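*Asks:* The structure is given below, and queries will be raised subsequently.
The values are calculated or read from the model by the stated rules, or taken from the named source; none is laboratory data. Since we're looking at a predicted model, the values are computed, not measured. Here the Cβ is made from the backbone with ideal geometry for all residues, glycine too, and neighbour counts use every protein chain on show.
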Amino acid sequence: LKEKKKIKKRLLKEAEKTYQNKLGKTNKKNLEQKQRVIARIDKQIKKLETELKLQKTQEQYLINNYSELKSNYRYCGLKEEDYKNQYKKKRDRSSAGYKRAKEADSNKIDNMIKMLKRSVRRHGFVPDYVLTDTWFFCQKLLKTIIEIGRSVELVSMAKIGNAKYKILPMGKLLNPHEMIARYERKHGKTSRKYKARYIQFQAEYQGIRVKIFLIRFGTHGKWRMLVTTDLQMSFTRIMEVYKIRWTIEVFFKECKQYLLLGKCQSQDFDAQIADTTLSMIRYLLLSYYERTHYGTTIGGLFRKLSQAAIEENLLADISIYFIELLQIFAELAGIDFITFYEELLRKPEAEQIILKMGLNSEKNELSKVA
């Protein structure tokens with residue numbers, strides 16, 4: 001603002017000097033040009049003055065808020081009486097509740113990285129892909145995935161903002177908007193399966209090699225960006241993998257609708273954690289039942305889960321057909337089924353065969369009936 005005012009004063013002085021030197025005989029073109037410049041500077045000065053007023057009011061508002069927060073820092077913004085009546089609980093530092101309460105105030109990205117390392121190193125759960133949304137994509141997460149190794153790859157949605165990526169092999173630093181403007185016509189491809197337009201790049205993000213997919217669904221859709229550390233991944237593969245992350249939305253919807261997730265009204269933080277855990281356990285049990293009885297998977301979660309239990313379930317199904325076959329044979333032979341089955345079990349050779357087939361439960365049930 002001060003600079004604009006100085007320029008205006010300088011131009012006025014120059015105009016006065018030229019007028020005095022030429023004794024009233026001024027150059028019309030030169031005068032009109034300087035008048036236009038002065039008019040433009042006047043507009044800029046007015047704009048800057050309004051911006052300065054807004055900044056002053058905002059500054060005053062922030063100062064007032066800061067002083068208010070500073071005065072209420074002891075009571076966390078509450079009145080003294082409300083603060084005293086607030087529910088409080090002392091937790092043992094060695095308890096899980098203390099750890100959960102401490103995690104609630106920490107950064108979500110740090111929490112997620114700790115969970116990932118804990119699952120891999122302590123529990124031995126090594127995923128093929130780590131799928132995240134735009135909130136979690138950062139250099140810290142990329143470094144963690146590379147440090148873990150064990151063929152774990154990241155597939156994440158990333159923001160289309162001002163962050164620059166080094167395009168290889170050209171070595172140009174471009175943000176997603178510049179990539180779309182430069183390479184959409186030359187390198188853009190169309191996927192009939194997903195009805196999408198996409199561009200793919202080998203790139204570097206803050207010194208880490210990644211593969212970028214810029215995707216637009218439909219003709220008027222917004223551009224979205226997927227980033228992966230798997231440099232050999234194709235467009236169809238990354239779409240198939242990233243679709244699994246969308247199942248979490250279904251999970252939360254079903255848990256809230258049917259399993260009372262988030263309906264706990266307790267003031268205790270430990271009770272809230274317990275309620276959320278119970279909802280998730282219910283969901284896992286129902287999902288496991290669906291997997292074993294109907295053969296469907298939820299996001300590939302039960303791909304390697306409890307093969308022994310599935311075998312038991314199959315044996316139980318086979319045993320039903322075995323009993324039905326025995327009934328048919330007994331009817332054809334004109335013999336009572338229970339006596340026929342008892343005679344069969346009395347023979348040690350037949351009993352061993354039945355035990356190997358896992359049909360000893362049916363033996364006990366039929367002996368009770370007899």
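*Asks:* Restricting to strands (runs of 3 or more DSSP E) lying wholly in segment 190-280: which have 3 or more residues that are over 26 Å from T144 (Cβ atoms) and out of contact with any Leu (no Cβ under 6 Å at 6 or more places or on another chain)?
*Replies:* It comes to 196-205.
Residues are listed down the side, and each one gets a yes or a no for (1) touching a His at 6+ places or on another chain (Cβ under 6 Å); (2) among the small types (G, A, S); (3) closer than 19 Å to K143 by Cα; (4) crowded, with 18+ Cβ neighbours inside 10 Å:
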residue	(1), (2), (3), (4)
Q202	no, no, yes, no
G207	no, yes, yes, no
V227	no, no, yes, yes
L231	no, no, yes, no
R245	no, no, no, no
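*Asks:* Quick one: in segment 85-112, of everything that is assigned to a loop (DSSP other than H, G, I, E, B) and either touching an Asp or Glu at 6+ places or on another chain (Cβ under 8 Å) or charged (D, E, K, R) (or both), which residue is surrounded by the most Cβ atoms within 10 Å (Cβ to Cβ)?
*Replies:* R91
*Asks:* Output the residues belonging to segment 113-142 that are aliphatic (A, V, I, L, M), assigned to a strand (DSSP E or B) and either out of contact with any Leu (no Cβ under 6 Å at 6 or more places or on another chain) or free of Cβ contacts under 8 Å to residues at least 24 places away in the same chain (or both).
*Replies:* Across segment 113-142, the qualifying residue is only L131.
*Asks:* So if I check each of L285, L226, L261, which one is in contact with a helix residue (DSSP H, G or I) (Cβ under 9 Å, 6 or more places away or on another chain) and free of Cβ contacts under 8 Å to residues at least 24 places away in the same chain?
*Replies:* L261
*Asks:* Only one residue in V250, V210 is at pLDDT 90 or above, β-branched (V, I, T) and closer than 30 Å to S191 by Cα. Which one?
*Replies:* Going through V250, V210 in turn, the sole match is V210.
*Asks:* One residue is enough: does segment 99-107 have a residue meeting the conditions modelled with pLDDT under 80 and either within 30 Å of Q267 (Cα to Cα) or not small (G, A, S) (or both)?
*Replies:* Looking through segment 99-107, at least one residue is modelled with pLDDT under 80 and either within 30 Å of Q267 (Cα to Cα) or not small (G, A, S) (or both).
*Asks:* Hey, S266 hits all of (1) in contact with a helix residue (DSSP H, G or I) (Cβ under 7 Å, 6 or more places away or on another chain); (2) surrounded by 17 or more Cβ atoms within 10 Å (Cβ to Cβ) but one; which does it fall short on?
*Replies:* Of (1) in contact with a helix residue (DSSP H, G or I) (Cβ under 7 Å, 6 or more places away or on another chain); (2) surrounded by 17 or more Cβ atoms within 10 Å (Cβ to Cβ), only one is false for S266: (2).
*Asks:* Examine segment 163-178 for a residue that is assigned to a loop (DSSP other than H, G, I, E, B) and within 21 Å of the chain's Cα centre (by Cα), and state whether such a residue exists.
*Replies:* Within segment 163-178, one or more residues are assigned to a loop (DSSP other than H, G, I, E, B) and within 21 Å of the chain's Cα centre (by Cα).
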